[in-house]
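Inspection log for the structure reproduced underneath, given as structure tokens.
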Amino acid sequence: MRIRLLDAAGARQLYESRMARDFPPGELKPFAAMEELLAAGLYEPLTFTDDAGAVLAYAWQVVLPGQQAGLVDYFAVRSDLRGSGIGTRALHLLQAHYAPRLAALLLECEHPAEAPDAAIARRRIGFYLRAGARATALESRVFGARYSILQLPCGETLLPDGTLNTALQTLYSRMVPQPYYRGSVIFYGN
């Protein structure tokens, strides 16, 4: 499996061809907002491909210079490949890709207590945990949706929840402009 960083044109093509199908409308940012993060150099859309270049999975990360943790904003495996191990392999490749720059990647998962489908939310969290993510005591509420926060370590050291909380607040303060941030993005835990 190979990893490839997309340019703005490739990111738009991925958004239009796959993301609108893979994510519910309420979870998908407008591409214009994503394009602003791309132009600022804070968004890194990656594809995971086979040797022929076919996209198997993709991930979009928010990464700020000088931070210890980034945020996996979107992650999806091609629907016909789900349950085949591709997702786990892609996450391990993602960890290795970011290891030189980050100690961890943060994952937000819908909290089962408030998810539209609690069984899917539990299954998604279970997938990330089996792939090497670690649970934290952190939660967030972003535009009304409640999330459990997981840490996907990019090295041997786990970051403490307090450090992760600070990183998450910093990431969101750059991703969500004021006045939308205040009152719409809330963090719980350390």
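Only helices reaching 15 angstrom along their own axis (Cα) with mean Kyte-Doolittle hydropathy no lower than -1.0 count here, and for the DSSP H runs of the chain these are 86-98, 118-130, 161-175.
Find how much the distance from Arg141 to His92 grows on full extension, using 0.36 nm per residue of separation minus their present alpha carbon separation; answer in nm with one decimal. Contour length minus Cα-Cα distance gives 14.9 nm. A dipole drawn for the chain from +1 and -1 charges on Cβ atoms has a positive end, and of Thr166, Ala135, Leu106 the residue lying farthest that way is Ala135.
For region 80-164, which GluC sites (Glu not before Pro) are in a loop by DSSP, counting at most 13 other Cβ atoms within 10 Å? Of the GluC sites (Glu not before Pro), the ones in loops of region 80-164 whose Cβ has at most 13 other Cβ atoms within 10 Å are Glu114, Glu156. Around the Cα centre of region 2-188, unit charges on the Cβ atoms of Lys, Arg, Asp and Glu (plus for the first two, minus for the last two) sum to a dipole of about 220 debye.
Here the contact order of the chain, divided by its residue count and restricted to Cα pairs under 8 Å and six or more residues apart, works out to 17 percent.
Counted over the chain, the DSSP beta bridges are approximately 90% antiparallel. For region 14-19, backbone phi angles converted through the Karplus equation (6.51, -1.76, 1.60; θ = phi - 60°) give residue-by-residue couplings of 4, 4, 6, 8, 10, 5 Hz, Gly and Pro being listed as x. Ordering Ile149, Ile125 by the number of other Cβ atoms within 10 Å of each residue's own Cβ, fewest first, gives Ile125, Ile149.
The longest part of the chain holding none of the exposed loop chymotrypsin sites (Phe, Trp or Tyr not before Pro), meaning those outside H, G, I, E and B in DSSP with at most 15 other Cβ atoms within 10 Å, is 1-142. Relative to the current alpha-carbon distance between Ala52 and Glu156, full extension at 0.36 nm per residue lengthens the span by 34.2 nm.
Based on Cα coordinates alone, diagonalise the gyration tensor for region 2-188, multiply each eigenvalue by 5, take square roots, and list the semi-axes in whole Å, largest first.
22, 19, 18
Read the figures in this text as sums done on the coordinates, not as results from a lab. As the structure is a computational prediction, the values presented were derived from the model and not from experiment. Because the Cβ atoms are built from the backbone with ideal geometry, glycine has one as well, and the counts that use them run over all protein chains shown.
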